[in-house]
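The structure appears right after this line, and notes come after that.
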Amino acid sequence: MIQDANFILLIVIVLDLYIVSSSRLDTCVNATALQGAALAFLPFALWWKQASSGEMIGLLLIGAGTFVVKSLLIPFLIFRSIREANVRREVEPSISLHFSLFTAAVFVAGSFWMASIVVFPQSPPASLIVPAAFVGVLVGFLLLVSRQKAITQVVGYLILENGIFIFGQILFKELPFIVELGILLDLLVGVLVMGIAINHISRQFDHIDVNRLDELKG
Amino acid sequence: MILEIIEQIAILLFVPPLFIGIINKMKAWAAGRKGAPLFQFYFDLWKLLKKGEVYSRTATWIFTAGPIISLASIFCAGFILPLALSSSPLGFKGDIILFAYLLAFGHFFILLSALDTGSSFEGMGASRGAAFSAFSEPAFFLSLAILCIHAKSVTFKDVFHALPWATWGFAHPVYLVAALALFAVLLAENSRIPVDDPNTHLELTMIHEVMVLDHGGPDLAFILYGSSLKFFLQAVLLVHLLLPLPSTNWYFGIFYLFIGVFGVGILVALVESAVARIRLSRVPQFLIGASILAVLGLILSFYKGAP
Amino acid sequence: MLYAILGSLMILCATPLAALFAGHRERMILGIGTFGNLFACVLGVSASLFALVSGEQIFLKIPWSLPIGKIAIGLDPLSSFFLVCIFLVSGLSALYGKGYFIHYQGKKWLLSPVFFFSFLVASMVGVVIARNGILFLAAWEIMSLSSFFLVTFENERKEVVKAGVLYLMASQAGVVFLFVLFTLLSRVSGSFDFNTFQMSSLKMPGLANTCFLLALVGFGTKAGFWPVHIWLPEAHPAAPSPVSAVMSGVMIKMGIYGLLRTLLFFGTPPSWWGGLIIGIGIVSGVLGVLHALTEHDLKRLLAYHSVENIGIIALGIGLGLLGQSLANPMIIFLGYSGALLHVLNHGLFKGLLFHGAGSVQHSTGTRNLDALGGLYRFMPMTGTSFLIGSAAICGLPPFNGFISEYLIYRGAFQGSFYFPTLWGLFALAIVPALALIGGLAVTCFVKAFGIIFLGNPRTEKTTHAHESNIFMVIPMIIGAVLCFVIGVFPIEMIYLTAPAADFFGGSFTAAEPAVNSLLMITYAAAVLFILIGLFYLLRRGLLRNRKVEKSETWSCGYPAYNPRMQYTAASFAEPVLAPFAPLIYSRIKHQKTPLGYFPEKAHYEKHLGDIASEKWLLPGIRRVVKILSQFRIIQQGRLQLYLLYIAATFAALLIWVLIKGGY
């Protein structure tokens, strides 16, 4: 169902904007979890009509894996590091939230513009796939650049990855689902490592401000 | 025609306080209380209408004109919006613009009458009220523009019936985005949580209530009824948007209007019960967020191969 | 009717000469000046209205012995429409000036304002009826110079002279572009006559773009487009109020007129012209009103509102241009009609508001909002007119500002429905921009009116305020009534703008559904008034036998309440300005925060300014001045040296001619 897929993608875009505008860490993480849950249904919504029974298993596996990793495991890990590192619950952006929201809006407009220009060898299965993917990547970068806390860096990284995940959906037919699962695993490991690192950094230095990581160099 | 006008007046006169009653009742239930009677707001208005007035020595005629003019302009806007039928007595091509500006005119006079007493509290309320409505204005227009573009018209009558209601929702998520933005505007313009708390009675934290601190008696009744009317009108707008059900049958129309408004009331009550109030400095961001949501909706409307 | 207008032009020129004979009898000077100008304006308004309604198009060529050719003047609906605005606002201001300048009697020689006021009006008329580049530029320069002398009326004050010099610099910088523009056009067409411009411009498409940009900068400087508006907030406050009213009400519109006239030289414009003007309009509108919100000086606030309203006019013009390039006669009509009607409306309510500001300043001696308060009790007529002007400038129904904004809204929506995607988005962008401008304007004028006229007097001075004299009050009342009448009976006004809008290729018949909907606004206004009456009667009936008391304002139980605790203009505007902080230049100085546990003296000052002037233009100008002052070395003050320069120039020219040869 293309319309269902578009609906999911719209939710993803709205959540991207919501994450940019929210000032609290746990709202950010919860919204990321919700986005992960929404994305878990995306492959299924896109492809279930054309999928053979073998591919069907793949679809279900990707969906289930995405759901478990992105909306349960990773948020759980992040929340644990927030708790253990005793992070203050504010986002602490380096540019004002109004401005980041405005920038995100410009990115959204730009993404739709790019999507209407870029030509793909095979047409994307749902019209919103390309813009939503662009929005994810750009907003992810925005978060990585403009936020100071390590936790929000992780959130930014996740959003970025979600954007790439959406891109990946165009190539579902070509790409074996094992690759997708592999990416998921990578992501999980990445977040795990970052969580541990955050814990250690905060234990060592009493803060997790990434702007001050440069003090670590010799 | 005459019947239509009488029907419109009757709805405008008697339904809005009930709408407030529904919300308050729902909020009470959600909090596990029994709550005030459903018709409490009518009793309050009746009580106020029976009272005398006390005016500040500082105030001029603007203080007393504020409630009258703002109520009159909201009521006039009520004649423009189709309620139970698909048309309205004052509806015309381009009436959406006049509707929004009439509401703004009413607000302008409430703001001035707040400043008229020279009280610092009311000045504070007027300042916030003016700022927040300045931010909600573009959000309101942007979300209505989404509908207008689909209907290719700036008229309520056409906009409400631009889409058959069966294809709504998944097929046209743009409408959902517009509804979300309009809902945010509804909450902000009518001083509901998360922007303002209608129940708070501390002068420093209020927005709408603190503007009318010095009004009493019939003046306050006009203001309270006027604000419930404005709330009702914006709720009707949302109802017509979400349930674009063409109806020429009056009984059917009124039934569906009641169901819809009841639904919006429940939604507002749920939001009020579940969400905390945001900091005052974050309110503009809430409304800018609503505008940006509406911009997203507009981009979707213009996007080739849009859903 | 051109002859009647020429007649009023004659009266305008004769008035100062007649006043000259009055010598130093100041009352007589003022009397002659007011009577002459008023008479000329009444004659002019009736003549130009008649010409507009009858759709007169006339063209006159009078031979002239000067080498630049003939005097070419003419009338067409566009000129007639602007003439109506000029005569109407100037007439009101002339009357107001009688009451205003009388207070300077004995302090200043009143011939100067009378003299230059007449010349300002006459030169504006000249600009509008000129059909020849040279004549146009001559009138334009007289306009700039006479308004410069009016701005520097109080030339004993240092800041007034500074503002005047800035104004002169800005207008001369603008006129440079116009010289280039007309020279270019005349080189191509072989003559300075406007009708030859029209013929020849079609030949070279590249020329059109250059000319458009030149006109945009040249006329935009006069009109006050952002960011070349920097002279407005300096010159308007410096000028006497009747002069600010004319300058802001009609003189800056000469920039709009010039732009429109230039646009008529070219055929169908490319779409990007419209897009560019819409962009300029949005930026001017939003930033204009934002900076108005930061201001505490009433006249500076109004000056920034001129930038905002010029932005709204630009939105209409941009829309009309898009309509022209995409061949949509309905949108052309709505855009240009909206823009032109807003020219008239802005003239009316801005004139009214500047008159009100003048009355406030005259009565209290200050324009600082935070020193005022509670003036309504002392000045009810000024207060009521100012209130109507405020509602009108915010674009609220049932006043005239709403009508022009309504037309632009309708055009913008039509554009977003029927234009191709990109230009549709441009048209659509007008909608939220107008809504935001409207919302911010409401905030700004609630602030201005509420802080000045409502509440309690904030300073001692304000408690001695008094109503202005009859000559100052009457123009304000007329202005307020006109704002109201246009707002309630808008459809009649469309018949005035229609001929001019049709001139640009708009079609009244195509726009008829939208125009007819204006009739419903009349009905809605009627319903509104009936409702106001009903509720008023209801309230009176309810309170008939009840107790209505007077008491103190509720101050939360605090006994030592004083008027200084009222909300100030700065605190009123803070919540709305906070999110826009990056767009406003702010400078914090004198910051002294208390340290330690015990209270001590603290100080904090924050000044908000304009990014365009504080960050970009003024530093740029300073740099240019620094570079140019290097050239001072050639100015030695020795006569021999100057003669040497002349000789050297002569020799250089001679050599050049000899080398070039070929004659």
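Could you work out, residue by residue across B:202-214, how many beta carbons of other chains sit within 10 Å of that residue's beta carbon, and then give the average as an integer? Don't jump to the answer; show the numbers that get you there.
Working: counts 1, 2, 1, 0, 0, 0, 0, 0, 0, 0, 0, 3, 4.
Per residue, the average neighbour count from other chains is 1.
Under 28 Å of direct C-alpha separation, and excluding same-chain neighbours fewer than eight residues apart, B:Lys47 reaches these lysines: B:Lys25, B:Lys27, B:Lys34, B:Lys230, C:Lys547, C:Lys550.
Take the Cα radius of gyration of the stretch C:1-115 and divide it by 2.2 N^0.38 Å, with N its residue count; two decimals is plenty.
1.23
Could you provide, to the nearest whole Å², the per residue accessible area of the stretch C:615-663 with probe 1.4 Å? Provide the component values of the computation, followed by the final result.
Details: 4820 Å² over 49 residues.
Value for the stretch C:615-663: 98 Å² per residue.
Its Cα gyration tensor gives the stretch A:2-216 an equivalent ellipsoid; the semi-axes, largest first and in whole Å, are 31, 21, 13.
Straight-line cross-link partners of C:Lys70 among the lysines, defined as a Cα under 27 Å from its Cα and at least 8 positions apart when in the same chain: C:Lys61, C:Lys203, C:Lys222, C:Lys253.
Here C:Lys98 is the anchor, and the lysines within straight C-alpha reach of less than 21 Å, apart from those fewer than 8 places off in the same chain, are C:Lys107, C:Lys108, C:Lys299, C:Lys350. Looking at the protein assembly as shown alone, DSSP beta bridges between its own residues are antiparallel in about 75 percent of cases. Farthest towards the positive end of the charge dipole of the protein assembly as shown, among the residues A:Ser23, C:Val161, C:Ile332, is the Cα of C:Val161, using unit charges on the Cβ of Lys, Arg, Asp and Glu. Packing here is the average count of other Cβ atoms within 10 Å per residue, and on that basis the peptides C:412-418, C:544-550, highest first, run C:412-418, C:544-550. When the charge dipole of the protein assembly as shown is built from unit charges on Cβ atoms (+1 for Lys and Arg, -1 for Asp and Glu) and taken about the Cα centre, the candidate among C:Phe449, A:Val12, B:Ser113 whose Cα reaches farthest toward its positive end is C:Phe449. When only alpha carbons are used to place a centre, the stretch B:175-248 and the stretch C:382-421 end up 24 Å from one another. Note on chain B: with neighbouring protein chains present and a 1.4 Å probe, carbon and sulfur make up 71 percent of its accessible heavy-atom surface.
Note the buried accessible area between A and B here, summed over both chains, with a 1.4 Å probe, in Å² to the nearest 100.
On the way: alone 10910 and 14180 Å², together 23170 Å².
It comes to approximately 1900 Å² buried between A and B.
Here is the interface size for C with B: some 6600 Å² of accessible area buried, both sides summed, with a 1.4 Å probe.
Shown for the stretch C:283-335 is the translational diffusion coefficient from the Stokes-Einstein equation, using the Kirkwood radius over Cα pairs, a temperature of 37 °C and a viscosity of 0.692 mPa s: 278 µm²/s. Across the stretch C:210-220, rounded Karplus estimates of 3J(HN,Hα) from the backbone phi angles (6.51 cos²θ - 1.76 cosθ + 1.60, θ = phi - 60°) give 4, 4, 4, 5, 4, 5, 4, 6, x, 6, x Hz, Gly and Pro being marked x. Karplus-derived 3J(HN,Hα) values for the stretch C:481-488, using 6.51 cos²θ - 1.76 cosθ + 1.60 with θ = phi - 60°, are 5, 5, 4, 6, 5, 5, x, 8 Hz; glycine and proline are entered as x.
Over 20 Å apart: what share of the alpha carbon pairs of the stretch C:380-513 falls there, rounded to a whole percent?
Working: 5359 of 8911 pairs.
Percent of Cα pairs beyond 20 Å in the stretch C:380-513: 60.
With a ≥ b ≥ c the root eigenvalues of the C-alpha gyration tensor of the stretch A:85-176, is it rounded (a/c under 1.5), prolate (a/b larger than b/c) or oblate? Oblate. The reciprocal of the average 1/r between distinct C-alpha atoms defines the Kirkwood hydrodynamic radius, which for chain C equals 26.4 Å.
The alpha carbon gyration tensor of the stretch B:1-104 gives principal lengths a ≥ b ≥ c with a/c of 1.5 or higher and a/b no greater than b/c, which makes the shape oblate.
For the peptide C:553-566, the mean number of other protein chain Cβ atoms found within 10 angstrom of a residue's Cβ is 4. Between the stretch C:145-208 and the stretch C:26-55, what is the separation of their alpha carbon centroids in Å? Distance between centres, Cα-based: 26 Å.
Put simply, the amide H of B:Glu53, placed in the peptide plane, has neighbours under 5 Å in C:Lys547, C:Val548, C:Glu549, leaving out anything fewer than 5 places away on its chain. Using the alpha-carbon atoms, what tilt in degrees (0 to 90, nearest 10) does helix B:95-115 show relative to the longest principal axis of chain B? So the inclination is approximately 20 degrees.
Computed over the alpha-carbon atoms, the stretch C:299-452 gives an Rg to Rh ratio of 1.07, Rh here being the Kirkwood radius from the mean inverse distance.
Taking Cα atoms only, the orientation of helix A:150-170 departs from the longest principal axis of chain A by about 10 degrees.
In the stretch B:200-293, which trypsin sites (Lys or Arg not before Pro) fall in coil by DSSP and have 15 or fewer other Cβ atoms within 10 Å? Show your work: numbers first, answer last.
Working: sites: B:Lys230, B:Arg277, B:Arg279, B:Arg282; in loops: B:Arg277, B:Arg279.
Here the sparse-neighbourhood loop sites are B:Arg279.
Here the Karplus relation 6.51 cos²θ - 1.76 cosθ + 1.60, evaluated at θ = phi - 60°, turns the backbone of the stretch C:250-260 into coupling constants of 10, 5, 5, 5, 4, x, 4, 4, x, 4, 5 Hz, with x for every Gly and Pro. Helix A:74-85 against the longest principal axis of chain A: what's the angle in degrees, Cα atoms only, rounded to the nearest 10? For A:74-85 against chain A, the angle is about 0 degrees. Distances between every pair of Cα atoms in the protein assembly as shown, grouped in 10 Å steps from 0 to the bin holding the largest one, split as 2, 9, 17, 21, 20, 15, 10, 5, 2, 0, 0 percent.
Would you calculate a helix-derived [θ] at 222 nm for the protein assembly as shown, using -39,500 (n - 2.57) for each DSSP H run of n ≥ 4 and dividing by the full residue count, to the nearest 500? That comes out to -23500 deg cm²/dmol.
Provide a whole-number value for the mean count of partner chain Cβ atoms within 10 Å of the Cβ atoms in peptide C:112-118.
0
DSSP beta bridges confined to chain C are antiparallel in about 95 percent of cases. Equivalent ellipsoid of chain B: semi-axes from √(5λ) of the C-alpha gyration tensor, largest first, are 31, 22, 19 Å.
Per residue, how much accessible surface does the stretch B:2-302 expose to a 1.4 Å probe? Answer in Å², no decimals. Working shown, then result.
Numbers: 9460 Å² over 301 residues.
For the stretch B:2-302, the per-residue accessible area is 31 Å².
Cα gyration tensor of the stretch C:615-663, axes a ≥ b ≥ c as square roots of the eigenvalues: rounded (a/c below 1.5), prolate (a/b > b/c) or oblate? Oblate, because a/c is 1.5 or more while a/b does not exceed b/c.
The values are calculated or read from the model by the stated rules, or taken from the named source; none is laboratory data. What you are looking at is a predicted structure, and each value in this text was computed from that prediction instead of being measured. Quick reminder, even Gly has a Cβ in these numbers, built from the backbone with ideal geometry, and neighbours come from all protein chains shown. Just the protein is used for accessible areas: all its heavy atoms, side chains included, with ligands, DNA and RNA removed. Shrake-Rupley method; radii C 1.70, N 1.55, O 1.52, S 1.80 Å.
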